[in-house]
Amino acid sequence: MLTSEIKFSNFKYKIKNTKIKKNLSDLIKKKNQIIESLGKNYKSSFNKKKLKKIKQSNNFRIIGMGGSSLGSHAIYDFLKDKIKKNFVFIDNLHSDTKIDKKNFFTNLIISKSGNTVETIVNSNILIKKKEKNIFITEKKNSYLYSLAEKLKSDIIHHNNYIGGRYSVLSEVGMLPAELMGLSSNKFRNLNLLVKNKKFINALVSNVSSILHFSKKKKFNSIIINYDKKSENLFKWYQQLVAESLGKEKKGFLPIVSNMPKDNHSVMQLYLDGLDNNFFTFFYVNENKSLKINNSLILPSQSYLKNKNLAKITLAQKHATENVFRKKNIPFRSFEIKKRNEKTLGELFCFFILETILIGKSLNLNPYDQPAVELIKKETKKLLI
């Protein structure tokens, strides 16, 4: 068990690495802004009382790229059953984007630098002066900061020490969460997690195993995801791992594989192809799940009677794990008992700490993304 609501089975490799535990201890003691944002003591730069009027809106639009939107999108999808508001995420450039002329939106325009080209373009095309526009950006001279001042919009300070992919429990993810009707305080549980020996031991052992895979030339981190509402959680994870660790000819390729659909496509490769992968199984228990219509089940498939989709999916997960175990394919497994802010916050903390610790162990800076900046500069050259 990782925490009370997360059943976790680690990779079977038990490799002692005292340096990782020390790195974790140092990371928590130093209390940098990223780590601070995971705990109760972090002070958001928005006022919850002032959000009451904004919360009256039913339609929200989040305009941002990468870490500026992935975290809040993950929250919205994972906890959608608790959310009564409508959120639209504009996180790419699409020539067929439709402009909604009927509805008015409260727009959250998010960019740490304030100069993200795609966010500037989408804002220009989509937002209306009469709409409520809130900008989350650094308080410095930038295009979006200047636009916010011109529109006389609210400006929420984006902490300049927290990069986009690490910002999910800061203003970037928690302001949208509050507007969704969720509690930001319930997400931030690092204070309790660092006192949980099971959590710490699982984290350290997990990082040790992944470093072991790196030495064995296993560089593909494949997510076997059995929960549709977690697809954007793993798109967030994908950016976190790729952008933090893909440097100096090192890193891991995170691949999201959605089940059970992918049993009928890439599973053959996973089971019998190249031996350069390690896997993460992920499942969330659903209390409400469609049930089989017994009257339409033929005798040959009678074992399906009285089953619901959640039970069938869980059986498929366990069956796949059994096969992986027999074939000695490395995997870890998450089973989420309850879908709430606390559980999702714990998952965010686990993956963020895991990524930073792997980066430190590989002598990489897990906080920058130098290669991405090359594309931005080259694009600007071509457009001038």
Give me a comma-separated list of calculated 3J(HN,Hα) values for the range 184-195, in order, Karplus coefficients 6.51, -1.76, 1.60 applied at θ = phi - 60°, integers in Hz, x for any Gly or Pro. 5, 4, 6, 7, 8, 10, 4, 4, 7, 5, 6, 9
Looks like the range 43-185, by Cα gyration tensor root eigenvalues a ≥ b ≥ c and the a/c under 1.5 rounded cutoff (else prolate when a/b is bigger than b/c, oblate otherwise), is rounded
Which percentage, to the nearest 5, of the DSSP beta bridges contained in the chain is antiparallel? 15 percent
Work out, step by step, the length gained on full extension between LYS217 and LYS12: first 0.36 nm times the residue separation, then minus their alpha carbon distance; give nm to one decimal. 72.0 nm
Once the chain is represented by equal point scatterers at the alpha-carbon sites, with solvent omitted, what log10 I(q)/I(0) does the Debye formula produce at q = 0.07, 0.12 Å⁻¹? -0.34, -0.99
Dipole check, the chain, charges on Cβ (K,R +1; D,E -1), about Cα centroid: among ASN363, LEU93, THR18 the Cα furthest to the positive pole belongs to THR18
If packing is taken as the average count of other Cβ atoms within 10 Å, what order do 265-276, 305-316 fall into, highest mean first? 305-316, 265-276
Pop a pseudo-label 7 angstrom from the Cα along the beta-carbon direction at both LYS85 and LYS228 and give the gap in nm to one decimal. 2.4 nm
If you find the alpha carbon centre of the range 223-268 and of the range 37-100, how far apart are they in angstrom? 23 Å
Computed ³J(HN,Hα) along the range 133-145: with the Karplus parameters 6.51/-1.76/1.60, θ = phi - 60°, integer Hz and x for glycine or proline, the list is 10, 10, 9, 10, 7, 5, 7, 8, 5, 7, 4, 5, 5
Helix-derived [θ] at 222 nm for the chain: sum -39500 (n - 2.57) over DSSP H runs of at least 4, divide by residue count, nearest 500? -12500 deg cm²/dmol
When DSSP assigns beta bridges and you keep just the ones with both residues in the range 43-185, what percent turn out antiparallel, to the nearest 5? 0 percent
Inter-site label distance for ASN287 and ASN306 at 7 Å from Cα along Cβ, in nm: 2.3 nm
Check the straight Cα-Cα distances from LYS140 and name the aspartates and glutamates below 13 Å, setting aside those fewer than 8 residues away within the same chain. GLU149
Nonlocal amide H pairs with PHE331, under 5 Å, H built at 1.01 Å: LYS12, PHE279
With a cut-off of 20 Å, note down the residues of the range 1-45 whose backbone N falls inside the zone around a label point 7 Å from the Cα of LEU314 toward its beta carbon. 1-10
Using the per-residue mean of other Cβ atoms lying within 10 Å as a proxy for protection, in what order, highest first, do the peptides 336-348, 117-129 fall? 336-348, 117-129
Let me spell out the model: positive unit charges on the Cβ of Lys and Arg, negative unit charges on the Cβ of Asp and Glu, origin at the Cα centre of the chain. What dipole size does that give, in debye rounded to 20? 1080 debye
Give the long-range amide H neighbours of THR106: residues separated by 5 or more places, or on another chain, with amide H under 5 Å away, using H modelled in the peptide plane at 1.01 Å from N. ASN59, PHE60, ARG61
Report, by chain and number, residues whose modeled amide H sits under 5 Å from the one on ASP154, excluding near sequence neighbours (fewer than 5 apart, same chain). ASN133, PHE135
Do any GluC sites (Glu not before Pro) in the range 215-284 lie in a loop, going by DSSP, with at most 16 other beta-carbon atoms within 10 Å of their beta carbon, and if so which? GLU248
Percent relative contact order of the chain, based on C-alpha pairs within less than 8 angstrom and at least six residues apart? 22 percent
Over the range 43-185, calculate the relative contact order: mean separation of alpha carbon pairs under 8 Å at least 6 apart, over the residue count, as a percent. 31 percent
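Across the range 1-99, how large is the tail of the calculated P(r) beyond 22 Å, expressed as a percent of all Cα pairs?
In whole percent, the long-distance tail amounts to 59.
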With the cut-off at 19 Å, tell me which of the pairs LYS21/LYS217; LYS48/LYS85; LYS82/LYS342; LYS84/LYS311 have Cα atoms farther apart than that. LYS21/LYS217; LYS84/LYS311
Rounded to the nearest 20 Debye, what is the dipole magnitude of the range 39-175 about its Cα centre when Lys and Arg each give +1 and Asp and Glu each give -1 at the C-beta? 820 debye
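No value in this document is a laboratory result; all are computed from the given coordinates. None of these values were measured; they are calculated from a predicted model. Here Cβ is always computed from backbone atoms with ideal geometry, including for glycine, and neighbour counts include all displayed protein chains.
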